[in-house]
Amino acid sequence: MLKEQYMELALSLAEGVKGQTSPNPPVGAVVVKDGRVIGMGAHLKAGEAHAEVHALRAAGKEAAGADLYVTLEPCSHYGKTPPCANLVASSGIKRVFIATVDPNPRVSGKGVQKLESAGIEVEIGVCRERADRLLEPFFHFIQHQTPFVTMKTAITADGKTAAYTGHSRWITDQPAREDVHCLRHEHDAILVGVNTVLQDNPLLTTRLPHGGKHPIRVILDTHLRIPITANVIENKEADTIIVCGSEASLDKEEALIAAGADVIRLETADIHIPLLLEKLGEEEIMTLLVEGGGEVNASFFQEKAFQRIVIYMAPKLIGGKMAPTPFAGEGFPTMDESIQLVFDKVEMIGQDIKITASRKEG
Ligand SMILES: Nc1c(/N=C/[C@H](O)[C@H](O)[C@H](O)COP(=O)(O)O)[nH]c(=O)[nH]c1=O
Ligand SMILES: Nc1c(N[C@@H]2O[C@H](COP(=O)(O)O)[C@@H](O)[C@H]2O)[nH]c(=O)[nH]c1=O
Ligand SMILES: [Zn+2]
């Protein structure tokens, strides 16, 4: 096999653990000797062994003189686990192929230095693009200490999120709705506004045939209008954080805490998105899925406080000038001021179209 094929094996391991390693990155590693894979592994959970440790453990003594393929530069610091670079050096590995380097200031470049000073040949950049794409949320989190935000919206072909009557179930078909649950599984937290809770009374849990991790539920509710009996409060499968403004009723806050929810009371009367994201970053929420409704989407949209957007478009036309749009609020006055996206991927999910786009920086 070619070096790219071994790195792609390591990348598929890393992609397989996406969403479960937060606030650590998803990393995969493969040990190869004389054209045979003799060890492989992925980082499974923050605080546990890193990918290289699992792969080298599987290789055992055979690792001496072998090649290591790893999707992220081996770490060189003592976090919750000892540095991988030292282990790689002491295991007798001859060459290390790295897909991309770790921007974590405690790590970047130091891992490579350690390997090279131990006489190990290092090659950087094998399948770099695919690794950078997978690690984008982690790199964002390390750089900003705020969650990497993905917005998700489901619209009819004429861009509506419901009929003018508010009726919305369903716009997209079962396969696309199941795909949304895969998104939820991959995210540390899911955020909606209290209007969505009042209208849809959603569970916001991950319901997949083969199971899946439930994201923390974050509800933006400036004046604590959420009913104590809401599904997101009564359902205990996932934690629920209610975010309110400084003027919200203290009694209601107490009642919500007594009902098992966490409450984040901001220092400001309104909810400012940048401040909210700092607070969620402090909770070590590395990836956030914003499922709207229109007002909440508009606030992230106005602040350009999202990095990616996933649009599910159904082959339906509902019409109605009063029918809701995914981004309420005032909007921008001219096309020049519109938010520029890059369409990364367009695919069919059953009868629906799934568009994955990144917000163009700058
Ligand atoms: N109405 C549609 C959607 N509507 C999404 C709304 O956020 C709605 O509140 C949640 O889907 C309900 O959450 P839960 O399932 O109870 O956890 N989303 C979609 O992808 N397609 C649609 O047709
Ligand atoms: N998950 C991962 C790495 N993650 C790196 O190590 C940091 C976490 O260290 P710790 O607290 O000890 O788990 C994390 O922020 C990132 O820089 N490095 C690797 O060599 N391989 C791995 O599989
Ligand atoms: Zn490590």
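The values are calculated or read from the model by the stated rules, or taken from the named source; none is laboratory data. In this text, all values refer to a predicted model and were calculated from it rather than measured experimentally. So basically every Cβ, Gly included, is an ideal-geometry build from the backbone, and we count neighbours across all protein chains shown.
Numbers at a glance
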item: Test: E15 is within 15 Å of ligand 2 (Cβ to nearest atom) and either buried (at least 22 other Cβ atoms within 10 Å of the Cβ) or under 22 Å from G125 (Cβ atoms) (or both); result: yes
item: Check on T205, on the phi < 0 side of the Ramachandran plot, outside any helix (DSSP H, G or I) and either of a type in the set (S, T, N, Q) or within 16 Å of ligand 3 (Cβ to nearest atom) (or both); result: yes
item: Options E284, E303, E278: the member that is within 19 Å of T222 (Cα to Cα) and in contact (Cβ under 8 Å) with a residue 40 or more places away in the chain; result: E278
item: Selected residue [at pLDDT below 95 and either under 24 Å from the mean Cα position of the chain (by Cα) or under 30 Å from P105 (Cβ atoms) (or both)] from G211, G166, G193; result: G211
item: Residues located in region 30-45, provided they are more than 16 Å from ligand 3 (Cβ to nearest atom) and not β-branched (V, I, T); result: K33, D34, G35, R36
item: When residues of region 140-187 are limited to those that are more than 16 Å from ligand 2 (Cβ to nearest atom) and of a type in the set (S, T, N, Q), the one farthest from T205 (Cα to Cα); result: T165
item: Counted residues, region 46-65 - those being farther than 14 Å from N24 by Cα, hydrophobic (A, V, I, L, M, F, W, C) and either surrounded by 22 or more Cβ atoms within 10 Å (Cβ to Cβ) or within 11 Å of ligand 3 (Cβ to nearest atom) (or both); result: 5
item: Residue within region 296-307 that is among the charged types (D, E, K, R) and buried (at least 19 other Cβ atoms within 10 Å of the Cβ) present; result: no
item: Filter pass, D188 being within 30 Å of I98 (Cβ to Cβ), touching a strand residue (DSSP E or B) at 6+ places or on another chain (Cβ under 7 Å) and not aliphatic (A, V, I, L, M); result: yes
item: Given (1) under 25 Å from P215 (Cα atoms); (2) touching a strand residue (DSSP E or B) at 6+ places or on another chain (Cβ under 7 Å); (3) more than 9 Å from ligand 2 (Cβ to nearest atom); (4) not in a loop (DSSP other than H, G, I, E, B), number of the condition S22 does not satisfy; result: (4)
item: Candidate set from region 122-167 (those that are crowded, with 16+ Cβ neighbours inside 10 Å and among the small types (G, A, S)); member that is nearest to I273 (Cα to Cα); result: A154
item: Pairs where the first residue, in region 307-324, is in contact (Cβ under 8 Å) with a residue 12 or more places away in the chain and in a loop (DSSP other than H, G, I, E, B) and the second is among the β-branched types (V, I, T) and surrounded by fewer than 20 Cβ atoms within 10 Å (Cβ to Cβ), C-beta under 9 Å, 6+ apart; result: P315/I353; G320/T165; A323/T165
item: Residue within region 92-105 that is crowded, with 19+ Cβ neighbours inside 10 Å, of a type in the set (A, V, I, L, M), within 15 Å of ligand 3 (Cβ to nearest atom) and within 20 Å of E48 (Cα to Cα) present; result: no
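Okay, residues lined up against (1) away from ligand 1 (no atom under 16 Å from the Cβ); (2) under 30 Å from A357 (Cβ atoms); (3) without any contact (Cβ under 8 Å) to a residue 12 or more places away in the chain:
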residue: L87; (1), (2), (3): yes, no, no
residue: K94; (1), (2), (3): yes, no, no
residue: V101; (1), (2), (3): yes, yes, no
residue: E123; (1), (2), (3): yes, no, no
residue: E129; (1), (2), (3): yes, yes, yes
residue: F138; (1), (2), (3): yes, yes, no
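Let's see how each residue does on (1) away from ligand 1 (no atom under 15 Å from the Cβ); (2) farther than 29 Å from P26 by Cα:
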site: R207; (1), (2): no, no
site: K213; (1), (2): no, no
site: K252; (1), (2): yes, yes
site: R265; (1), (2): yes, yes
site: K279; (1), (2): yes, no
site: T287; (1), (2): yes, no
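Conditions (1) within 30 Å of E284 (Cα to Cα); (2) among the hydrophobic types (A, V, I, L, M, F, W, C); (3) more than 9 Å from ligand 1 (Cβ to nearest atom); (4) not in a helix (DSSP H, G or I), marked per residue:
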site: D158; (1), (2), (3), (4): no, no, yes, yes
site: A162; (1), (2), (3), (4): no, yes, no, yes
site: S168; (1), (2), (3), (4): no, no, no, yes
site: C182; (1), (2), (3), (4): yes, yes, yes, no
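Rundown of residues vs (1) away from ligand 3 (no atom under 16 Å from the Cβ); (2) in contact with a Ser or Thr (Cβ under 9 Å, 6 or more places away or on another chain); (3) closer than 15 Å to D188 by Cα; (4) of a type in the set (F, W, Y), yes/no style:
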| position | (1), (2), (3), (4) |
| --- | --- |
| K213 | yes, yes, yes, no |
| I216 | yes, yes, yes, no |
| R225 | yes, no, no, no |
| I228 | yes, no, no, no |
| E234 | yes, no, no, no |
| I242 | yes, no, no, no |
| E247 | yes, yes, no, no |
